[in-house]
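Down below is the structure, laid out as structure tokens.
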Amino acid sequence: MIRVDRYLNRRIAITMFHGIGNQFIQQLNQGAIIMVCGSRLMAQGVEDRLDDLLNRHSDAVHGLTVAQLKADKRYLQDVY
């Protein structure tokens, strides 16, 4: 499980694109669930970055989108 909180919000783009990006994509392909908890602004930033990651690597994730993750209940948010 990858957890995103206030601390990680500032680092998520760096982490996803320069370190665990391939591992993250592999976990998504294996059915990982993403859970985001925090402010609406932070959650929107996470969603935007995830959408960018999925678009950049659409072949590797077999066309998976944030909308599809949400529909499959694999992208969950608890925001305030």
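Within the stretch 18-42, count every residue that is within 18 Å of residue 64 (Cβ to Cβ), open to solvent by 70 Å² or more (accessible area, probe 1.4 Å) and at pLDDT below 80.
Residues flagged as within 18 Å of residue 64 (Cβ to Cβ), open to solvent by 70 Å² or more (accessible area, probe 1.4 Å) and at pLDDT below 80 within the stretch 18-42 amount to 1.
Name every residue in the stretch 43-65 that is in a helix (DSSP H, G or I) and open to solvent by less than 10 Å² (accessible area, probe 1.4 Å), in order of residue number.
So the first thing to find is which residues in the stretch 43-65 are in a helix (DSSP H, G or I), and the list is 43-56.
If the condition is that a residue be in a helix (DSSP H, G or I) and open to solvent by less than 10 Å² (accessible area, probe 1.4 Å), then 43, 46, 50, 53, 54 are the ones that fit.
I need the full set of residues from the stretch 66-77 which are in a strand (DSSP E or B) and out of contact with any helix residue (DSSP H, G or I) (no Cβ under 8 Å at 6 or more places or on another chain), in order please. If you could, list the steps in order and put the result at the bottom.
Initially, the stretch 66-77 is screened for residues in a strand (DSSP E or B), giving 75-77.
Scanning the stretch 66-77 gives a single hit, 76.
The values are calculated or read from the model by the stated rules, or taken from the named source; none is laboratory data. Because the structure is a prediction, the values reported are computed rather than measured. Quick reminder, even Gly has a Cβ in these numbers, built from the backbone with ideal geometry, and neighbours come from all protein chains shown. Accessible surface areas use protein heavy atoms only, side chains included; no ligands, DNA or RNA. Shrake-Rupley method; radii C 1.70, N 1.55, O 1.52, S 1.80 Å.
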